[in-house]
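For reference, the structure is listed below as C-alpha cells.
The values are calculated or read from the model by the stated rules, or taken from the named source; none is laboratory data. Owing to the predicted nature of the structure, the values given are computational and were not obtained by experimental measurement. Because the Cβ atoms are built from the backbone with ideal geometry, glycine has one as well, and the counts that use them run over all protein chains shown. Ligands, DNA and RNA are excluded from the accessible area calculation, which covers all protein heavy atoms including side chains. Shrake-Rupley method; radii C 1.70, N 1.55, O 1.52, S 1.80 Å.
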Amino acid sequence: MDDRIRRNMPLFSMSIVGELTGLTARQIRYYEEHQLVQPERSKGNRRLFSFNDVEKLLEIKALLDKGVNLAGIQHVLQMKENEASVEVAETQTPETDYKKPDLSDDELRKLLKQGLFSAGKHGKTSIIQGELSRFFH
DNA sequence: TTTCTCACA
DNA sequence: TGTGAGTA
C-alpha cells in the first residue's frame with residue numbers, strides 16, 4: 001500500500017545494519033535493550049531491522065556525537081513518536097507525511113521545556129553540560 | 001558462518 | 001563497551 005509498510009519491513013541482519021550505521025553489534029543490541037529500537041525477530045531469534053530501525057540508529061549515532069546520552073535520546077525518540085502520531089491524526093497531507101525527522105535546535109528546545117531533566121534526578125542531567133549551555137542564554 | 005545470550009577483565 | 005564461551 002504505502003511507504004509506511006515498506007519502511008517497517010524487517011529486512012536487514014545485524015551485519016548489514018552494522019555496516020549501514022557504523023555501529024557494532026554490541027551497541028545495536030544495547031540500544032535495543034534500552035528501547036531505542038524495536039527490531040523484529042525471525043528465524044532462530046535473529047534480529048531483523050527495517051528501514052525505520054536503520055534510520056533511528058543513524059539518528060542515535062548522530063545524537064551520540066552531539067553529546068546526548070542514552071537517556072536523552074530516549075526522550076528525543078519518544079517525542080518524535082508523539083509528533084508522528086499527531087501528524088497522522090491531524091491531516092494526511094503528502095507533503096508532511098514522511099518528512100525527514102531531523103533533530104533541530106527547535107526540537108531540542110521543546111524537549112527541554114517538556115521537563116527532559118526529570119530523568120536526571122540521580123545527580124546529573126540527561127544531557128551533557130556542553131549541549132545544555134546552548135539553551136541557557 | 002553468523003547471530004544470540006550471558007557473563008566478566 | 002569489548003570480548004569470549006557455547007548454542008542454534
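Values for this structure:
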{"item": "Per residue value of the accessible surface for the range A:1-78 (all protein chains in place, 1.4 Å probe), Å²", "result": "58"}
{"item": "Accessible carbon and sulfur surface of the range A:1-90 relative to its total accessible area, %, 1.4 Å", "result": "53"}
{"item": "Prolate/oblate/rounded label for the range A:1-76 (Cα gyration tensor, a/c 1.5)", "result": "prolate"}
{"item": "Sites A:R46 and A:E81, calculated FRET efficiency, Cβ-Cβ separation with R0 30 Å, nearest 0.05", "result": "0.75"}
{"item": "Accessible heavy-atom area order of A:V88, A:V76, highest first, probe of 1.4 Å", "result": "A:V88, A:V76"}
